[in-house]
Amino acid sequence: MKKSGLFMAAALLAATAVSSASAQDTVKIGLIMAYSGQFADTAAQMDNAVKLYVKQHGDKVAGKKIEIIRKDTGGPNPDVAKRLAQELIVRDKVDIIAGFTLTPEALGAAGPSEEAKKFMVVMNAATSVVTTKSPYIARTSVTIPQLEDTLGKWAAKQGIKKAYTMVADYGPGIDAETWFHKGFKSGGGEIVGSVRMPVANPDFSAFVQRMKDLNPESVFIFIPGGAQPVAMAKALQERGIDPKKTKVMGQGEITMDDVTLKNMGDAALGIITVLHYSAEHKSKMNEAFVKSYNAEFKRNPDMFSVGGWDGMHLIYEALKKTGGKADGDSLIAAAKGMAWESPRGPISIDPATRDIVQTVYIRRVDKVNGVVQNVEFDKIEKVKDPAK
């Protein structure tokens with residue numbers, strides 16, 4: 001190991017020792033997210049839910065005051081995320097690191113989490129492998145295989161025989177491609193073509209045209225949230241892709257945003273997506289969540305919001321179980337097997353994998369009272385990450 005590595009490891013251990021030895025009245029949480037750049041709105045939705053949770057549940061848990069320190073990665077940069085995690089642990093002496101808009105951020109922070117034995121709550125990053133990178137990680141969002149394996153199997157059961165796939169070329173996109181293929185093929189489906197697109201791509205026209213030239217029976221799309229769904233919607237419209245003729249399927253981001261649906265209008269009708277949460281989910285808890293979120297931020301919560309909300313719930317409940325002890329070993333032990341009712345429905349943390357177990361919803365874009373929106377019409381309960 002290089003001297004710099006030895007120094008950092010020693011500093012991390014020293015910071016941990018100081019934190020453990022002192023009887024703190026404050027629990028510090030470091031939030032690491034892409035507060036600026038292309039995915040800033042994703043981070044905003046997550047952080048909005050964090051703020052709302054603290055407002056509704058108070059800033060004291062188990063006799064300890066909650067202090068939140070926010071750090072901006074600027075985008076999917078693992079080196080920046082690693083540096084910020086180290087700074088939070090060594091300089092700011094945080095007890096918990098959380099957030100993680102994108103997979104590269106989570107992967108970058110996993111090393112410092114393991115070295116310093118810090119509880120790490122992944123509120124969004126969805127690549128399956130993330131939780132294997134530190135024994136102190138628990139995830140409250142979703143894994144890509146949970147959604148895409150489920151959608152692939154579901155599509156094959158509906159009689160769809162052939163599909164073309166279009167995914168963003170990074171960890172989650174490759175996961176999405178892999179697991180949709182597996183699920184679809186296991187049900188007898190055939191993949192007739194596939195393409196991987198740059199993760200920060202602003203224009204999908206050429207990729208959509210390539211797909212259209214093959215005239216596939218169906219197409220599966222995976223792109224990250226933020227600005228890209230609107231760009232994809234524009235490309236689909238411009239190239240004349242009609243969901244009534246070519247079955248368009250994908251992860252929820254392609255129709256998740258209200259702006260995207262408004263831009264697509266009736267052209268979105270019939271698009272089928274898979275997701276673990278939407279503001280339209282029917283439950284008393286979600287109705288209350290959506291109402292309070294709208295009152296606070298003048299917009300609907302989304303899947304990023306619910307990951308932030310449940311991430312804070314996990315932190316608060318784990319602290320209650322430990323009586324305020326904030327060391328990583330105590331908190332991860334408390335998190336394993338925890339179950340609760342979320343705005344998305346019943347969820348739990350798998351004690352073996354520290355990953356989330358939840359209901360997966362199949363939705364279709366329909367017009368309800370004149371408004372184009374996602375409507376849940378099928379569901380698969382207690383879905384674990386099939387990759388583990």
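Which of the following residues is modelled with pLDDT of 95 or more, assigned to a helix (DSSP H, G or I), buried (at least 17 other Cβ atoms within 10 Å of the Cβ) and not acidic (Asp, Glu): MET249, MET232, MET264, MET211?
Details: MET249 fails: assigned to a helix (DSSP H, G or I); MET232 fails: modelled with pLDDT of 95 or more; MET264 fails: modelled with pLDDT of 95 or more.
Result: MET211 is the single residue among MET249, MET232, MET264, MET211 that is modelled with pLDDT of 95 or more, assigned to a helix (DSSP H, G or I), buried (at least 17 other Cβ atoms within 10 Å of the Cβ) and not acidic (Asp, Glu).
Part of a strand (DSSP E or B), open to solvent by 10 Å² or more (accessible area, probe 1.4 Å), over 16 Å from ILE356 (Cβ atoms) and at pLDDT 95 or above, is that true of ARG83?
Numbers: part of a strand (DSSP E or B): no; open to solvent by 10 Å² or more (accessible area, probe 1.4 Å): yes; over 16 Å from ILE356 (Cβ atoms): yes; at pLDDT 95 or above: yes.
No: the conditions fail for ARG83.
Right, LYS382: at positive phi, without any contact (Cβ under 8 Å) to a residue 60 or more places away in the chain and not in a helix (DSSP H, G or I) or not? Before you say what the answer is, go through the steps one by one.
Values: at positive phi: yes; without any contact (Cβ under 8 Å) to a residue 60 or more places away in the chain: yes; not in a helix (DSSP H, G or I): yes.
Yes; evaluated as a whole, the condition is true for this residue.
For LEU31, indicate whether it is in a helix (DSSP H, G or I) and either modelled with pLDDT under 70 or closer than 16 Å to ALA98 by Cβ (or both). Working first, answer last.
On the way: in a helix (DSSP H, G or I): no; either modelled with pLDDT under 70 or closer than 16 Å to ALA98 by Cβ (or both): yes.
No: the conditions fail for LEU31.
Taking into account only those residues within segment 165-190 that are in contact with an Asp or Glu (Cβ under 9 Å, 6 or more places away or on another chain) and of a type in the set (Val, Ile, Thr), which is most open to solvent (accessible area, probe 1.4 Å)?
THR178
Just to check your reading of the model, which residue among VAL357, VAL365, VAL371, VAL383 is surrounded by fewer than 14 Cβ atoms within 10 Å (Cβ to Cβ) and of a type in the set (A, V, I, L, M)?
Working: VAL357 fails: surrounded by fewer than 14 Cβ atoms within 10 Å (Cβ to Cβ); VAL365 fails: surrounded by fewer than 14 Cβ atoms within 10 Å (Cβ to Cβ); VAL383 fails: surrounded by fewer than 14 Cβ atoms within 10 Å (Cβ to Cβ).
Only one candidate qualifies: VAL371.
Select from segment 91-133 the residues that are assigned to a helix (DSSP H, G or I), of a type in the set (D, E, K, R) and surrounded by fewer than 23 Cβ atoms within 10 Å (Cβ to Cβ) and list them in ascending order. Spell out the reasoning first.
Filtering segment 91-133 down to residues assigned to a helix (DSSP H, G or I) leaves 103-116, 128-132.
Checking which are of a type in the set (D, E, K, R) leaves us with 105, 114-115.
Within segment 91-133, GLU114, GLU115 qualify.
Go through segment 73-107 and give me each residue that's closer than 19 Å to MET312 by Cβ and free of Cβ contacts under 8 Å to residues at least 40 places away in the same chain.
ALA106 - this is the single residue of segment 73-107 that is closer than 19 Å to MET312 by Cβ and free of Cβ contacts under 8 Å to residues at least 40 places away in the same chain.
When you look at GLY307, is it surrounded by fewer than 23 Cβ atoms within 10 Å (Cβ to Cβ) and in contact (Cβ under 8 Å) with a residue 12 or more places away in the chain, yes or no?
Details: surrounded by fewer than 23 Cβ atoms within 10 Å (Cβ to Cβ): no; in contact (Cβ under 8 Å) with a residue 12 or more places away in the chain: yes.
No: the conditions fail for GLY307.
Please list, ordered by first then second residue, the pairs with beta carbon atoms under 6 Å, 6 or more apart or interchain, first in segment 24-50 and touching a residue at least 60 places away in the same chain (Cβ under 8 Å) and under 14 Å from ILE68 (Cα atoms), second open to solvent by 10 Å² or more (accessible area, probe 1.4 Å) and among the acidic types (Asp, Glu).
If the second residue must be open to solvent by 10 Å² or more (accessible area, probe 1.4 Å) and among the acidic types (Asp, Glu), the pairs left are LYS28/GLU67.
The values are calculated or read from the model by the stated rules, or taken from the named source; none is laboratory data. Since this is a predicted model, take the numbers as computed values, not measurements. In this analysis, Cβ positions are derived from the backbone assuming ideal geometry, glycine residues included, and neighbour counts consider all displayed protein chains. Side chains included, ligands, DNA and RNA excluded: accessible areas come from the protein's heavy atoms. Shrake-Rupley method; radii C 1.70, N 1.55, O 1.52, S 1.80 Å.
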